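Structure first, then comments.
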Amino acid sequence: MLAEKEIQELIGRALEARENAYAPYSNFQVGAALLSDSGEIYTGCNIENSAYTPTNCAERTAFFKAVSEGARSFRAISIAGGPGEKEPETLCPPCGVCRQVMLEFCSPDFQIVLAISREEYQIYTLDGLAPMGFRL
Ligand code: THU
């Protein structure tokens with residue numbers, strides 16, 4: 001379970017990371033903040049590409065930064081996204097590919113904080129968003 005202070009910190013960091021989103025094609029800007037078991041926070045934003053398929057989601061940017069720095073176990077991620085010119089107005093649930101990346105490194109009770117703002121958010125578990133996920 002996350003403490004309220006941790007939730008607020010994660011949402012703040014996701015909103016901050018969203019400011020770095022590179023999304024000239026969709027104009028949909030996403031930020032994420034990933035909390036490791038050791039208490040480190042890794043942030044990420046979406047990074048689009050003119051060839052489209054190389055695009056990386058905010059969540060995977062955060063995971064790949066973390067894993068490349070040696071982190072392997074995680075407690076929670078906060079995600080915030082929406083059209084670039086305004087504050088998020090709806091929840092931004094992770095895409096299927098990002099859910100599969102979460103399944104690789106996280107347990108079923110991994111917490112996914114979908115945030116519109118610091119005041120408005122909903123918390124899901126990985127098992128709730130990716131039931132019967134593929135694992136080897
Ligand atoms: N996107 C994310 O970064 N995370 C999500 O959870 C959903 C989608 C990005 C990918 C693309 O750059 C843009 O949002 C529109 O799909």
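The values are calculated or read from the model by the stated rules, or taken from the named source; none is laboratory data. As the structure is a prediction and not an experimental result, all values here were calculated from the model. Positions of Cβ are backbone-derived with ideal geometry, glycine not excepted, and every protein chain shown enters the neighbour counts. Accessible surface is based on the protein model in full, side chains and every heavy atom, while ligands, DNA and RNA are left aside. Shrake-Rupley method; radii C 1.70, N 1.55, O 1.52, S 1.80 Å.
Annotation for the stretch 1-85: trypsin sites (Lys or Arg not before Pro) lying in DSSP loop with at most 14 further Cβ atoms inside 10 Å of their Cβ are 72.
Across 124, 52, the residue with the most accessible area heads the list, and the full order at a 1.4 Å probe is 52, 124. Within the full protein context, the accessible area of residue 26 is estimated at about 60 Å² for a probe radius of 1.4 Å. Under 5 Å between amide hydrogens, built in the peptide plane, is the criterion, and for residue 121 it picks out 116 among residues at least 5 positions away or on other chains.
Counting Lys and Arg as +1 and Asp and Glu as -1, what is the net charge of the other residues whose Cβ lies under 11 Å from the Cβ of residue 116? That works out to -3.
Give me P(r) over the chain, computed from all C-alpha to C-alpha distances, binned every 5 Å, as integer percentages. Whole-percent P(r) values from 0 Å outward: 2, 12, 23, 25, 21, 12, 5, 1, 0. Largest first, the three principal axis extents of the alpha carbons in the stretch 1-74 are 39, 25, 16 Å in whole numbers. In summary, the stretch 92-136 shows an alpha-carbon radius of gyration equal to 1.17 times the 2.2 N^0.38 Å reference for compact globular proteins.
Shape analysis of the stretch 48-104 yields a ratio of the Cα radius of gyration to the Kirkwood radius, Rg/Rh, of 0.99.
Of the residues 71, 15, 115, the one whose Cα sits farthest towards the positive end of the charge dipole of the chain is 71 (charges of +1 on Lys and Arg Cβ, -1 on Asp and Glu Cβ, taken about the Cα centre). With a cut-off of 11 Å between beta carbons, the residues surrounding residue 29 carry a summed charge of -2, where Lys and Arg count +1 and Asp and Glu -1.
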